[in-house]
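What follows draws every value from the coordinates through simple rules; no lab data is involved. Note that this is a predicted model, so its numbers are computed, not measured. Quick reminder, even Gly has a Cβ in these numbers, built from the backbone with ideal geometry, and neighbours come from all protein chains shown.
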Amino acid sequence: MTTSSAALALENIARRFGRVRALDDASIVVRDGTVHALLGENGAGKTTLMRIAFGLVRPDAGTIRVHSRTVTLASPSAAIALGIGMVHQHFSSIPALTVAENVALGGHGAYRVERVRARVREICGLVGFALDPDARAGDLSVGAQQRLEIVKALSHGARTLILDEPTAVLAPREADDLLAMLRRFSGTGGTVVLITHKLPEALAIADDVTVLRHGRTVLAESVANVDSVTLAKAMIGGAPPVEVRRERTEPGPVVLSARELTVSDARGVMRARDVSLDVRSGEVLGVAGVDGAGQHELLLCLAGRLPATAGRVEGSTTIGFVPEDRHRDALILDFDVAENLALQDAGSARWRLAWPRIRARAAAILTEYDVRAPSTDTMVGTLSGGNQQKLVLARELEPKPPVVIVENPTRGLDIAATAAVHDRLLGARDSGAAVVIYSSDLDEVLALADRLIVMFEGHAREVPLDRDAAGRAMLGAA
């Protein structure tokens, strides 16, 4: 692809973070008015490359062009002034403010609420969103929070929109709606860069695709000329990993149960209502539900992280827990790898920590779980999201707890890492652990689960392992 018709082009980009070489001669050319998929393994440099395009990171070498003009992007404000917007994996809106107030942040001049409300409604009308300008951001569902991030970018005049794993936290219908919106946006002359690990998604929506591997561009092609096998080989440098499938096992005794459990969130809003369930050793209990249906609070309560409003949880108190938001609930980004591993069962440790033993264990885990960090004293905040997730999973699985509860365990992981995580979870089940898994990807839940519970408006019921039946239950249909 040539840069003459490009809305955005990054050429021969290099960037180091200490000893970590994040990018090494990486390039991408994004044609005007197209959807461009950016693929690669965890740590391949995708997010770093796009942060450079948005002015968040300065490159060590290379050239950036916007509509054929060579530019220096010293800050996000410089990128925004050139019509570039970015929606990050971790949202940046302020929960205590309204939608309109969040949209107004970063603007110029006096804040006139009616003008901003009108602007929000105008943008929502253009892209087909439903968003109340007066709704408090902290009360929005995850899908609505993401729509707010997009509206914020568009309100600042973005015509090139970069999205980092935007469907990772969305239910299937929400993901379909978002992808349709991106196609509509490109149809109006807008340009989209979509960072994604989902090959079917890339093939379905994108016009062009670029693949990074180990910080280098290894493929740049029209989607019409590639398929999933070609993309997978480019991403991992060999044959695509075989999907992990194991024979279903006979479950053992009940090791965790809930009886007439009611759970409220931190604001006192009732989320799970009168839930009773049993989890047995040697089985995977899948949990499905649209965002806000109560599954998050239910799993927090089962894991001992949120008290029950009514009812009770009985059984094992030794529980491995992988939360949905690794930055907020699982990791301290300013701690190194070994220090984060030492956080397991934080608060229960006594006396001095045996740091030589902890660092030796951390070094073994880096190898065994393929956590790509230069050493055990690498700051976790410098790792890619996927490698952070693998570290959390390793910490919670390594002691072999009798119960493992995981939320969106493969969020942000590439195809090889996803297969490895699935293998670990099924391995824990086969070793006798009870595994409870929630994923916003219904197909992932169905692939792993021995039994399935669907949450709807706080209530739980068991349904067959069938996509149509589960989908109907998620929407409250009989």
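Results, tabulated for the structure shown:
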{"item": "Charge context of Ala9, other residues only, Cβ under 14 angstrom, K/R +1, D/E -1", "result": "0"}
{"item": "Alpha-carbon centroid distance for the pair region 52-93 / region 173-229, whole angstrom", "result": "19 Å"}
{"item": "Neighbourhood charge, 10 Å Cβ-Cβ cut-off, centred on Ala416 and excluding it, Lys, Arg +1 and Asp, Glu -1", "result": "-3"}
{"item": "For region 413-429, Karplus couplings with θ = phi - 60° (6.51, -1.76, 1.60), whole Hz, Gly/Pro x", "result": "9, 7, 5, 5, 5, 4, 4, 5, 5, 4, 4, 5, 5, 5, x, 4, 4"}
{"item": "Relative contact order (%) - criterion: Cα under 8 Å, at least six apart; region: region 277-436", "result": "36 percent"}
{"item": "Lys/Arg +1, Asp/Glu -1 at C-beta; region 330-387 dipole; positive extreme among Pro374, Pro356, Ser384", "result": "Pro356"}
{"item": "Crossing angle, helix 142-155 versus the chain [Cα axis fit, 0-90 degrees, rounded to tens]", "result": "10 degrees"}
{"item": "For region 330-387, size of Cβ-based charge dipole, Lys and Arg +1, Asp and Glu -1, in debye", "result": "260 debye"}
{"item": "Leading residue at positive end of dipole, region 106-227 (Cβ point charges), from Ala144, Ala110, Val218", "result": "Ala110"}
{"item": "Net charge of Cβ neighbours under 9 Å - reference Gly282; Lys, Arg +1; Asp, Glu -1", "result": "-2"}
{"item": "Extreme residue, positive dipole direction of the chain, given options Ala338, Thr70, Val209 (C-beta unit charges)", "result": "Thr70"}
{"item": "Region 340-478 - charge dipole about Cα centre, Lys and Arg +1 at Cβ, Asp and Glu -1, debye rounded to 20", "result": "680 debye"}
{"item": "Amide H partners (placed H, <5 Å) of Gly311, local residues excluded", "result": "Thr262"}
{"item": "Region 280-308-region 381-447 distance, computed between alpha-carbon centres (Å)", "result": "15 Å"}
{"item": "Ascending count of other beta-carbon atoms within 10 Å, so fewest first, for Val30, Val218", "result": "Val218, Val30"}
{"item": "For the chain, the longest site-free run once GluC sites (Glu not before Pro) in DSSP loop states with at most 13 other Cβ atoms within 10 Å are removed", "result": "1-242"}
{"item": "Charge dipole magnitude, Cβ of K and R +1, D and E -1 - the chain, Cα centre, debye nearest 20", "result": "1140 debye"}
